[in-house]
Every structure is written in structure tokens, then in C-alpha cells.
Amino acid sequence: MKTLFILGVLLSICSLSLSQECREQLLEDVDFPGSDIQTVISPDVDHCQQLCTQHPACLFFTYLPAEWTQNNRNFFCLLKSSSSGEPKVKTPVQGVTSGFSLKPCRPDPKPCLPRMYPGLDFPGADYRALFTEDAEECRRACTQDPACQFFNFQNGRFTIENLRYTCYLKFSWAVPTLPIVERKAGVVSGFSKKAETPQWGKPVCQGKLFLNTNITEENVLVLPAASPGHCQNLCSAHTVCASFTFVSDNFNCQLKVNGNAMILKAKAGVTSGLPARFCRPDNSWVNVALEGVDFGGSDIRFEVTDDAASCQRTCNEDSNCQFYTYVKPDFPETSIRRRCFLKRAITMPAPPRVTKVDNVVSGFQLRNCL
């Protein structure tokens, strides 16, 4: 109860972004010191601004570019927030750039990122390597592969001769992931219809599930999920997930790597299954309202609605809402009853690291630009 009350206070802060004016202009050589809520890595200031826009609580930011020399925090994107919605201080600092979230501008939830980055490497997150003629061909390979979110190309002058013309395709989550899923009386949670993975042009399939069955393969990743269908959606979106197991007691979604054999063992309260990459599975899980389940955090704003169905419709109509939690009228904490908390996670391509490397070109897929 105390957690939801705190979330309500935080959401009232985040709601400021909707009432503020749209401010797209970047402020060069200006720092917004303090008020940090998260530090992420970004190749340039425009990408940093998009990260701030997608982050549920970020209202403004400061970016430290490749040329930053005062310390080793190059490519740092400092996401910030305040109760007033404004930076507490604006300080002249040579080399930094600051700006504001584009949330009031009603931005595209899937921004186009067409820029190439010569001399920058996005190390890590590789899942496939191939040889291509140039960086443009590497980007085309990334764009045509649904799992690829960004890439790295090593040209014909790269230092290691046998790695020249190598194109590395890289992964980051393009579907929303939930930070917290827990049982809580008096609330209802669910998803926007936009949460499912698009499968245009693919044939319909049932989506194979094994009820009361555990798969004993090695876990590549364990993360929160709301249901077996949601867990299958996450497995289908991950590049190396060969199967999954969903544990209903703790909402754990165990993504499994491919082994020599798939070993199934009976286990109550557990559902396992296979990903659906080449067909369109039943996505009815998106429409299910989960009674007594809370999706903690990731709030962008709240509205007062009459019931959970109205809350889901509100989420569906908001281009930035991916999932929601509704507080029922009989919830013990009276101050947040009937609140519909709209939520989102960052789903734009985001490299885990950025470094300067000669004869390397990096960039992002162009599917969002079509």
C-alpha cells in the first residue's frame, strides 16, 4: 500500500510532462546539474533525448559527448527529473548539451534513427556475424532481420585483417519488459494491444504450451512476466531463446538456450513452451485483465477511471502506454482509489556500450523509418 502511495506521488510529478510545452531545442554548453534518476549510454545527444522521452520519469537530461575531456564519462546520457518539472540549476559548461523530454510533443513511440556513426563501436549484444561489402549493406542486413536492433561494421582498413568487412548484428529488447510483477489485493493489471510482437504476413498458429511441465534446459535469462502467453512473447522476441518456462508462483519467465535435447518434467504450477518466430500465435494474453496483480514502476501518468476495462481502453488510446495497473474502488488507501496508472518501458534500440574505434561504423536498423 505504501509503495502504491509513493508511486502515486511520483506519477503526479511525471504528469507534469503532459502539461508542459513542447521543447525540442537543445541547449549547447549548458549543464543541468543534479536531479539524476538514471545514467544510460548513448552515441549522440539526439538518441539521448529519445531515451529521455521513452523513460517513464525523465523530464530533462544532460549529455556528455565523445569529445568530453573532463573525466571518462564520454557518451553518458544523464536522465533527470524534478518535482517542478524544471532543472533546479542551469550552468554554463563547455562541451555538454542539455535538453528536455519530447513527451509533451506527442512523439513517435518507435523513433527512426537513420544516422551512421563512423569511428564508433557498439560492443556487446552480438548474436550473428556475417561479411558485407560496406556499412550500408550491413545496415540493410540488420533492417531485414527482425531480431536486429543495431549493428557494427569493420571496414577494409580495420586493424585485424581477418576481421575486415565483418558485420555484427546486435540485439536489444524491442518489446516492453516489466520491472516488477507481484500479487497485490485490490489492483488489476494488463497490457495495451500494442504490447504484442507484430507478425505481419505470417500464418496463424496455436503456440505450443506444455501445462504443468518444466523444461530443465539452461536459462539464458530470467525476467518478470505476467502470464505464459507474455513469457512466450518475450521468448519469441529474444534472439537465442529456444524454449521457455513460466513459474506462476513468482511470475518468473525463464528463457532457455538450445541444448542437445529438450527434457520435459512434470511440475505443478509451471507452464513451458516454444517460441513462435515463423507464425502468428494466439495473442489473447494481451486482452486479459489480471486480478490481484501489480505491475510496479514504469509509470508515465495516471487518470481516474471507473473500472479496469476503462483503464485498458485509456492505455490502448495512448500511443506511449504499453501496460497499466488499475486501483479498484475498494483499495485500502483511499487517496489512490480508481486511479489508472499508465506505464511504459524503453523499447528503442540502445547499445550497452559505446567506444571510439578507428575503421568501424555503427548504426541502427531502419525498420522504424519505413
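The values are calculated or read from the model by the stated rules, or taken from the named source; none is laboratory data. Because the structure is predicted, anything quoted here is derived from the model rather than measured. Because the Cβ atoms are built from the backbone with ideal geometry, glycine has one as well, and the counts that use them run over all protein chains shown.
When we screen Val293, Val354, Val327, Val270 for residues that are out of contact with any His (no Cβ under 9 Å at 6 or more places or on another chain) and closer than 30 Å to Asn74 by Cβ, the only hit is Val354. For the range 254-289, a residue qualifies if it is among the basic types (Lys, Arg) and closer than 27 Å to Phe323 by Cβ, and the qualifying residues are Lys256, Arg277, Arg280. Has the range 318-325 got at least one residue that is charged (D, E, K, R), in a loop (DSSP other than H, G, I, E, B) and modelled with pLDDT of 95 or more? Looking through the range 318-325, none of the residues is charged (D, E, K, R), in a loop (DSSP other than H, G, I, E, B) and modelled with pLDDT of 95 or more. Taking first residues from the range 328-346 that are over 27 Å from Cys58 (Cβ atoms) and partners that are part of a loop (DSSP other than H, G, I, E, B) and among the aliphatic types (A, V, I, L, M), the Cβ contacts under 7 Å between residues at least 6 apart in sequence or on separate chains come to Pro332/Met1.
With respect to (1) under 30 Å from Lys103 (Cα atoms); (2) touching a Gly at 6+ places or on another chain (Cβ under 6 Å); (3) crowded, with 21+ Cβ neighbours inside 10 Å, the lone exception for Cys311 is condition (2).
Please determine whether any residue of the range 324-337 is out of contact with any strand residue (DSSP E or B) (no Cβ under 6 Å at 6 or more places or on another chain), under 29 Å from Ser172 (Cα atoms) and not assigned by TED's automatic domain parsing to the domain that holds Asn219. No, the range 324-337 has no match at all. Looking across Asn258, Asn219, Asn250, one residue alone is surrounded by fewer than 22 Cβ atoms within 10 Å (Cβ to Cβ), within 27 Å of Pro179 (Cβ to Cβ) and modelled with pLDDT under 95. It is Asn219.
Select from the range 290-317 the residues that are among the aliphatic types (A, V, I, L, M) and either assigned by TED's automatic domain parsing to the domain that holds Val204 or assigned to a strand (DSSP E or B) (or both) and list them in ascending order. Result: Leu290, Val293, Ile300, Val304. Check Ala174 against each of (1) over 25 Å from Asn320 (Cα atoms); (2) buried (at least 19 other Cβ atoms within 10 Å of the Cβ) and name the one condition it does not meet. Only one criterion is unmet by Ala174, namely (1).
Residue by residue, here is whether (1) hydrophobic (A, V, I, L, M, F, W, C); (2) under 30 Å from Thr166 (Cβ atoms); (3) buried (at least 19 other Cβ atoms within 10 Å of the Cβ) holds:
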residue	(1), (2), (3)
Phe302	yes, no, yes
Asp307	no, no, no
Tyr326	no, no, yes
Gly363	no, yes, yes
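Looking only at residues in the range 125-136 that are surrounded by 15 or more Cβ atoms within 10 Å (Cβ to Cβ) and either of a type in the set (A, V, I, L, M, F, W, C) or farther than 25 Å from Val220 by Cβ (or both), the one that is nearest to the chain's Cα centre (by Cα) is Ala125.
When the range 287-328 is filtered for residues that are under 17 Å from the mean Cα position of the chain (by Cα), under 25 Å from Phe246 (Cβ atoms) and of a type in the set (A, V, I, L, M), nothing remains.
Where strands (runs of 3 or more DSSP E) fall entirely within the range 29-101, those with at least 2 residues that are surrounded by 21 or more Cβ atoms within 10 Å (Cβ to Cβ) and on the phi < 0 side of the Ramachandran plot are at 60-64, 76-80, 91-100.
Under the condition of being among the polar types (S, T, N, Q), part of a loop (DSSP other than H, G, I, E, B) and within 25 Å of the chain's Cα centre (by Cα), the residues counted in the range 248-272 number 3. Please find, within the range 117-131, the residue that is nearest to Lys170 (Cα to Cα) out of those that are part of a strand (DSSP E or B) and among the small types (Gly, Ala, Ser). So the residue we want is Ala129. The criterion of at least 2 residues that are in contact (Cβ under 8 Å) with a residue 60 or more places away in the chain, in contact with a strand residue (DSSP E or B) (Cβ under 8 Å, 6 or more places away or on another chain) and in the same structural domain as Lys356 (by TED's automatic domain parsing) is met, among strands (runs of 3 or more DSSP E) falling completely within the range 132-246, by 150-154.
Among the residues of the range 329-349, the ones that are among the hydrophobic types (A, V, I, L, M, F, W, C) and surrounded by 23 or more Cβ atoms within 10 Å (Cβ to Cβ) come to 3 in all.
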